[in-house]
Amino acid sequence: MINNKKSRRNLAYHAVSIAVALVLAFGCSVDDACLSYQHNVQTGFYSSKSVKQNDTTLTDVLIWGLGREDSALYRVASAGKLFLNLNLNKGETGYVIRTRTLQDTVLFWYSKEPVTISGSCGITFDVHIDSMAHTNTFIDSVSIIYPNLRYKENFENVKIFIY
């Protein structure tokens, strides 16, 4: 009887060890875990005065979330592209973009839909940019060229045309 209990315990121990090894081997990778929470609108800056859509850069750039003046998201000498994170607890997110002494605000309205990555990694969200608005100090116009933000996709979503 004692041998039987001991052998069951050994068998259970080995079964649990094998199960843990399988989960670690076939579970979600570090990249999956990191990428599953990225919901960035990829933006590029373009000259509104050019006939062709020539990309351009802003200089002395400072960007913060609307209502979060104390938390700079970007503070760089120049920027031609931005990755703006969306707040998935809301259906809207706004940013203030300052270049030298000029500043504009961009607003995003979006919807989200849960999507399963895998059984071990869980879910993420597909996000659809429904609309945008902006002020017009140095931003001439915006164009949503690819409104969908999907897991593991890498596309420019928005073009921002500047004067």
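Ignoring ligands, DNA and RNA, what percent of the 1.4 Å accessible area of the range 66-163 is carbon and sulfur?
Here it works out to 49 percent.
So what's the net charge close to Phe125: Lys and Arg +1, Asp and Glu -1, counting the other residues with Cβ under 11 Å from its Cβ?
Summing Lys/Arg as +1 and Asp/Glu as -1 gives 0.
Tally Lys/Arg at +1 and Asp/Glu at -1 over every other residue whose Cβ is under 9 Å from the Cβ of Trp109; what's the total?
Around Trp109, the charge tally is -2.
Could you give the distance between the Cα centres of the range 133-163 and the range 72-126, to the whole Å?
11 Å
Describe numerically, in nm with one decimal, the distance between label points set 7 Å from Cα along Cα→Cβ at Val76 and at Ile144.
2.4 nm
All other residues with a Cβ under 14 Å from the Cβ of Ser48 taken together, and with Lys, Arg as +1 and Asp, Glu as -1, what is their net charge?
Here the charged neighbours net out to 0.
The values are calculated or read from the model by the stated rules, or taken from the named source; none is laboratory data. These figures come from a predicted structure and were not determined experimentally. Don't worry about glycine lacking a Cβ; one is built from the backbone with ideal geometry, like all the others, and counts go over all protein chains shown. For accessibility, only protein heavy atoms count, side chains too; no ligands or nucleic acids. Shrake-Rupley method; radii C 1.70, N 1.55, O 1.52, S 1.80 Å.
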